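The values are calculated or read from the model by the stated rules, or taken from the named source; none is laboratory data. Not measured: the values here are computed from a predicted model. Quick reminder, even Gly has a Cβ in these numbers, built from the backbone with ideal geometry, and neighbours come from all protein chains shown.
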Amino acid sequence: MASSPLRDRGPKRPQTVATPRQITAGDLGEKFDELLIAATTTRRETPKEDFEKLVGELSSYANTNGLTHGYLESLLRILTLPKTSIDAPKTRTLVKSLVPLERVKPSTVIHLISSLGEGEGKAAYATQALLLKWLVMVYDFLDSYAVLHQLYGILFNFLYTANLRASACHLLALCTRRKDVKPFRIQALMKLYEDHSDESGVVGLLQVYQSFYPDVILNGSRKRSVFKIWDPLWVQNAALIQSRREETPDGEDTDRELHRRRSTRILNKSKKAIVPILHTFNASENSITLEEIDSVRSLVDNLQKLELPSQVGAVFQDDMFRNFVLLKGSDDIISRLDNWTYAALFDEYDIEIAAKSASERLEVFLKQILDYTAMGKALLPSVEDFLKEYVTTWNGKWHREAILGLLSFVPFLNHKDLKDVFFDRLESLLQNDSPEDATALIRFHTSFARNIINQRSVSPHEALDPDIRTSLRQYFNYTDQLNSQAIINHRSQASIITIQHTTLDFYEAIVKIPLTNPVFEIVYPADIIVYSSVFVGDAVGFSRLCGILADYKKAFLGHAELRSKNPDVGYIEPERPYVDHFNGFLMDISNFFWRFRCFYHDPAKDTNALGCLMKDDFVECLNAAANAREFTLNGLFTLTHSPTFSHMNTDCLRFLEERHEDTHNLVLPTRHAGPVTSKSLMGLAGDGGYSLEYRVFKVASLEYLRRKGFDGETEQPELRRRNEEEGYEGEADDEMDIDEEVDDDEEEEEEEEEEDSELKGNEGDQSVDKSDAMEE
């Protein structure tokens with residue numbers, strides 16, 4: 001009985017498609033030999049599946065790793081054979097497999113161009129078109145452009161070959177120089193334009209010629225020329241492969257820079273561009289123009305001979321033009337640029353208002369103006385006028401980065417005027433519950449302050465202007481209040497850490513004021529900035545604060561020295577209460593972080609300590625809460641018990657114990673469980689554990705923090721010692737008398753109190769000091 005055909009057939013199995021095997025660099029030589037044999041034999045002699053597999057393997061390797069010069073030329077020779085059995089799809093795949101791992105050598109370019117055109121021994125016409133497209137794609141990867149200029153005439157003749165004309169026009173547009181533009185070539189191009197005016201490549205090349213000789217007139221067609229790369233993703237992949245290969249050394253890029261600038265001008269024509277293309281229309285054949293300058297050295301050598309470009313607005317996108325303006329800028333050039341910028345900005349502003357949406361063109365233009373301004377450190381008057389009007393209708397969102405960046409370069413003349421015109425408006429837009437808005441506002445003022453300091457640092461001995469000095473102090477105090485308000489607004493949010501670090505950026509900037517310029521006065525952070533950085537629980541923020549306060553103390557001391565040496569300059573001595581309040585910051589941090597005197601405030605014994613500005617009844621509540629949990633308030637915020645640093649303190653002790661074991665080739669029977677106290681260390685030594693004095697361990701912990709990158713804390717003991725021994729009080733030389741006595745019932749505090757700043761370890765092998773304890 002015959003079986004059922006359905007039963008015989010069974011379940012249908014899915015077909016599997018073989019994927020190309022990933023070959024290695026060692027296989028390339030053999031694979032190219034196989035490709036050459038397959039390409040020069042008839043298709044019947046080479047199985048189709050094997051041929052496709054071979055092409056797939058080579059393509060996969062090349063597009064992943066790139067090909068060295070030798071293998072690149074081997075593949076090019078195969079593709080340029082007069083007769084091959086490689087069909088069109090495989091040819092296209094192999095041409096895109098020409099991914100250069102290195103800069104493309106002139107010999108490769110010569111071989112490729114020699115295979116183009118008509119005649120025996122030339123590559124197939126379809127292959128020629130693909131290879132010329134490939135040459136355009138690798139234009140930015142050429143090792144030298146001299147070979148293209150030497151073969152310019154041959155490339156120009158390819159314009160008469162229909163399948164090569166578009167790519168030839170593109171390549172010529174990229175490499176054309178003034179000396180290449182000859183009358184006979186203009187005539188030939190005009191004839192081509194008459195016959196093929198609908199081809200964008202011909203129009204584009206004529207536009208390049210026209211940029212050198214404005215007398216070239218294009219009649220009839222108004223077709224916009226836009227040259228397009230064959231495969232932009234391929235170019236990106238090739239650039240990525242080359243970037244992994246090596247970095248271009250300094251000095252090798254001069255010839256390439258000129259062609260990059262020309263390529264950018266040709267490829268980046270867009271309706272979104274406001275800035276004009278760099279052109280010098282009134283130049284003669286013997287002129288030297290900026291378009292031909294390929295390096296800063298060439299710019300300097302020809303600085304006095306250069307023709308000024310016709311459109312000064314091009315300075316916003318051409319780096320070489322910017323250098324020219326900075327080196328040889330005249331009042332006439334700046335006036336022309338200012339007038340053009342004014343018109344361009346307000347024209348686009350009117351368009352944005354009418355459209356009621358952010359203008360992409362204005363976004364790009366403002367960023368270009370910002371780049372130019374940052375380079376010259378000066379704002380054009382027209383841009384300042386635009387900003388005055390723009391902020392009145394600004395929503396705080398559109399073009400934020402560019403607008404705030406430009407505003408940071410507004411000249412500082414009077415704080416009240418700036419506040420009325422700009423600062424109040426920015427505060428109303430950005431001082432809110434949004435962390436992004438608050439940080440943007442603080443970063444703006446940080447940049448603005450840096451620019452003020454940079455401008456005043458250029459002329460540190462300028463004539464004293466009391467109004468400027470008053471305005472500067474008002475501005476720093478105003479920004480200090482903004483920072484404080486931002487901390488208050490975000491004190492209960494997760495963004496408080498970000499806000500805190502952003503405010504610290506501002507004080508790291510203004511603590512570096514040039515004190516030799518008498519218009520500057522020292523303005524330190526407000527109370528809430530200091531104590532929020534102390535108690536918020538961020539180790540990095542606390543360390544930065546300590547470093548900032550150390551810099552402020554150096555500034556006070558340096559300012560006092562300047563006043564004593566130059567009494568007639570006009571330096572203002574800080575008021576005594578102002579300096580005492582700053583000393584209170586230093587003493588408070590030393591008290592709770594180092595000396596087991598958290599929130600200590602006793603004017604009879606210590607005139608500087610502020611007790612972190614805590615009220616006595618509130619401190620009593622905290623102390624009662626700590627005692628209820630069997631803690632001591634004085635020890636909760638110390639170096640060894642602080643929630644911010646206790647885990648690092650434990651890591652430090654582990655490091656010291658392990659180092660002791662390695663040094664003495666032993667195993668400690670007992671390890672410290674933490675946290676560390678003076679009594680726990682004594683008990684540890686009695687149980688056979690690591691023997692270490694508490695005072696020595698605290699200093700070793702500071703060194704451990706320093707090696708972890710927390711530099712601020714290591715400066716704090718110096719601040720503590722200077723306050724205890726010298727008691728900095730402005731210019732006063734009197735020592736600050738601090739009573740070190742403690743009550744008899746505070747036995748633990750007396751044991752842990754450090755009275756000597758020098759390290760004194762145990763005797764013998766157990767001696768540990770700051771350097772020995774941390775020796776790796």
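Among the residues of region 337-354, are any out of contact with any helix residue (DSSP H, G or I) (no Cβ under 7 Å at 6 or more places or on another chain) and closer than 16 Å to Ala402 by Cβ? Taking every residue of region 337-354 in turn, none turns out to be out of contact with any helix residue (DSSP H, G or I) (no Cβ under 7 Å at 6 or more places or on another chain) and closer than 16 Å to Ala402 by Cβ. Figure legend. Inter-residue proximity from region 683-698: first residues on the phi < 0 side of the Ramachandran plot, second residues acidic (Asp, Glu) and in a helix (DSSP H, G or I), beta-carbon distance below 8 Å, spacing 6+ or different chains. Indicated pairs: Gly689/Glu657; Tyr690/Glu657; Tyr694/Glu751; Tyr694/Glu752. Note on region 579-630: among residues that are touching an Asp or Glu at 6+ places or on another chain (Cβ under 7 Å), of a type in the set (A, V, I, L, M) and part of a helix (DSSP H, G or I), the one that is modelled with the highest pLDDT is Val579.
Restricting attention to region 338-358, which residues are at pLDDT 85 or above and over 19 Å from Asp385 (Cα atoms)? Correct list: Lys356, Ser357, Ala358. Of the numbered criteria (1) touching an Asp or Glu at 6+ places or on another chain (Cβ under 9 Å); (2) β-branched (Val, Ile, Thr); (3) assigned to a helix (DSSP H, G or I), the one Val410 fails is (3). Evaluate region 70-90: report whether one residue or more is of a type in the set (Ser, Thr, Tyr), touching a residue at least 24 places away in the same chain (Cβ under 8 Å), over 17 Å from Ala38 (Cβ atoms) and surrounded by 14 or more Cβ atoms within 10 Å (Cβ to Cβ). No, because not a single residue in region 70-90 is of a type in the set (Ser, Thr, Tyr), touching a residue at least 24 places away in the same chain (Cβ under 8 Å), over 17 Å from Ala38 (Cβ atoms) and surrounded by 14 or more Cβ atoms within 10 Å (Cβ to Cβ).
The condition of being at pLDDT below 70 and either in a helix (DSSP H, G or I) or among the aliphatic types (A, V, I, L, M) (or both) does not hold for Ile229. Checked against the criterion of being within 20 Å of Ser543 (Cα to Cα) and surrounded by 16 or more Cβ atoms within 10 Å (Cβ to Cβ), region 618-632 has no qualifying residue. Considered as a group, the residues in region 505-521 that are under 30 Å from the mean Cα position of the chain (by Cα) and surrounded by fewer than 22 Cβ atoms within 10 Å (Cβ to Cβ) include one that is farthest from Arg469 (Cα to Cα), and that residue is Asp505.
Residues in region 510-532 that are closer than 16 Å to Asn583 by Cβ and part of a helix (DSSP H, G or I): Asp527, Val530, Tyr531. The set of residues in region 413-432 being in a loop (DSSP other than H, G, I, E, B) and either of a type in the set (Gly, Ala, Ser) or over 27 Å from the mean Cα position of the chain (by Cα) (or both) consists of Leu413, Asn414, Asn432.
Evaluating Gly405 against the criteria (1) touching a helix residue (DSSP H, G or I) at 6+ places or on another chain (Cβ under 8 Å); (2) under 26 Å from Gly712 (Cβ atoms); (3) part of a helix (DSSP H, G or I) leaves one unmet condition, (2). Considering only region 170-188, how many residues are without any contact (Cβ under 8 Å) to a residue 24 or more places away in the chain and surrounded by 15 or more Cβ atoms within 10 Å (Cβ to Cβ)? Residues flagged as without any contact (Cβ under 8 Å) to a residue 24 or more places away in the chain and surrounded by 15 or more Cβ atoms within 10 Å (Cβ to Cβ) within region 170-188 amount to 0.
Being under 25 Å from Phe212 (Cα atoms), of a type in the set (D, E, K, R) and either at pLDDT 85 or above or not in a helix (DSSP H, G or I) (or both) is a condition met by at least one residue of region 315-337.
Using the structure shown, decide if Ile217 is at pLDDT below 75, β-branched (Val, Ile, Thr), surrounded by 15 or more Cβ atoms within 10 Å (Cβ to Cβ) and not assigned by TED's automatic domain parsing to the domain that holds Met137. No; evaluated as a whole, the condition is false for this residue.
Looking only at region 692-714, residues that are more than 42 Å from the chain's Cα centre (by Cα) and either surrounded by fewer than 18 Cβ atoms within 10 Å (Cβ to Cβ) or part of a helix (DSSP H, G or I) (or both) come to 2 in all. Applying the criterion of being buried (at least 17 other Cβ atoms within 10 Å of the Cβ) and under 26 Å from the mean Cα position of the chain (by Cα) to the residues of region 477-496, the residue that is farthest from Val569 (Cα to Cα) is Ser495.
Would you confirm whether any residue within region 564-583 is within 37 Å of the chain's Cα centre (by Cα) and within 27 Å of Ile497 (Cβ to Cβ)? Yes; the residues of region 564-583 include at least one that is within 37 Å of the chain's Cα centre (by Cα) and within 27 Å of Ile497 (Cβ to Cβ).
Looking only at residues in region 533-559 that are small (Gly, Ala, Ser) and assigned to a helix (DSSP H, G or I), the one that is surrounded by the fewest Cβ atoms within 10 Å (Cβ to Cβ) is Gly558. In summary, Gln474 fulfils each of the numbered conditions (1) in contact (Cβ under 8 Å) with a residue 24 or more places away in the chain; (2) within 26 Å of Ile589 (Cα to Cα); (3) more than 28 Å from the chain's Cα centre (by Cα) with the single exception of condition (2). Test Leu299 against the stated conditions and say whether it is surrounded by 20 or more Cβ atoms within 10 Å (Cβ to Cβ) and part of a helix (DSSP H, G or I). So Leu299 fails the test. Scanning region 633-655 for residues that are surrounded by fewer than 18 Cβ atoms within 10 Å (Cβ to Cβ), of a type in the set (Ser, Thr, Tyr) and over 35 Å from the mean Cα position of the chain (by Cα) returns a single hit, Thr650. Residues in region 493-512 that are closer than 15 Å to Ser447 by Cα and either touching a strand residue (DSSP E or B) at 6+ places or on another chain (Cβ under 7 Å) or not acidic (Asp, Glu) (or both): His501, Thr502, Thr503, Leu504, Phe506, Tyr507, Ala509, Ile510, Val511, Lys512. Tallying residues that are out of contact with any Asp or Glu (no Cβ under 7 Å at 6 or more places or on another chain) and buried (at least 16 other Cβ atoms within 10 Å of the Cβ) within region 656-671 yields 4. For Ala358, indicate whether it is surrounded by fewer than 19 Cβ atoms within 10 Å (Cβ to Cβ), among the small types (Gly, Ala, Ser) and over 19 Å from Ser447 (Cβ atoms). Against the criterion (surrounded by fewer than 19 Cβ atoms within 10 Å (Cβ to Cβ), among the small types (Gly, Ala, Ser) and over 19 Å from Ser447 (Cβ atoms)), Ala358 qualifies. Here is the figure for region 374-395: residues that are buried (at least 19 other Cβ atoms within 10 Å of the Cβ) and free of Cβ contacts under 8 Å to residues at least 40 places away in the same chain total 2.
Inclusion of Gly121 among residues that are surrounded by fewer than 21 Cβ atoms within 10 Å (Cβ to Cβ), of a type in the set (Gly, Ala, Ser) and over 22 Å from Leu36 (Cα atoms) is not warranted.
Determine whether region 652-659 contains at least one residue that is in contact (Cβ under 8 Å) with a residue 12 or more places away in the chain and either farther than 29 Å from Asp538 by Cα or in a loop (DSSP other than H, G, I, E, B) (or both). Checked region 652-659: no residue is in contact (Cβ under 8 Å) with a residue 12 or more places away in the chain and either farther than 29 Å from Asp538 by Cα or in a loop (DSSP other than H, G, I, E, B) (or both).
Against the condition modelled with pLDDT of 90 or more and farther than 30 Å from Leu192 by Cα, how does Val99 come out, does it pass? Answer is yes for this residue. Scanning region 84-109 for residues being outside any loop (DSSP other than H, G, I, E, B) and not aliphatic (A, V, I, L, M) gives a total of 9.
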